[in-house]
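Read-outs: derived from the displayed coordinates by stated rules, not from any lab. Note that the structure is predicted; figures quoted are calculated from it, not measured. Note that we place each Cβ from the backbone using ideal geometry, even for glycine, and neighbour counts take in every protein chain shown.
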Amino acid sequence: MGQRGPVGKRTDEIMGHKTKAELAEREQVAVPAEQVPVPDADPTWHPIAREWFESLGESGQSQFFEPSDWATARYVAEAMHQHLQRGASMGAQMFAAVMSAASELLSTEGSRRRLRLELQRAQPTQQDNAGVTAINEYKRRITG
């Protein structure tokens, strides 16, 4: 039987030491020195298609995108737009095609896990947490 859902756990969810096979399985990826510019979303697109397209540029995996990836993303967003503009409910085949294409662009955590690509946000610095600590301390003092 196959496994359902995202493949494996995130590295921060795995306990214990890594085996040599697990360490060898990890790939080092060089990020290009010059990123490909993110194209603008078409302002006439349906809001859902535009939001999806713009979210790609804000997502971590976009640092690996090449011009062909952005061209594919534009095509997927256009397909979303065309279908959503018609006002018809999305048929199962169209939905599957759009989701498959979006998955190819690593737009979901599951698709990134299948390729063993993990995106991690930078942790806030102590200075960033200072305001939260001060608010919590203030709350503690006034509530007794």
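Odds and ends about this structure:
- Taking the number of Cβ atoms within 10 Å of each Cβ as an exposure proxy, the fewest-first ranking of 65, 53 is 65, 53.
- Panel order for 118, 66, by other beta carbons found within 10 Å of each beta carbon, from fewest to most: 66, 118.
- With neighbour counts taken as other beta-carbon atoms within 10 Å, the residues 117, 106 rank, fewest first, as 117, 106.
- Less than 5 angstrom separates the built amide H of residue 36 from none of the residues sequence-distant by 5 or more or on a different chain.
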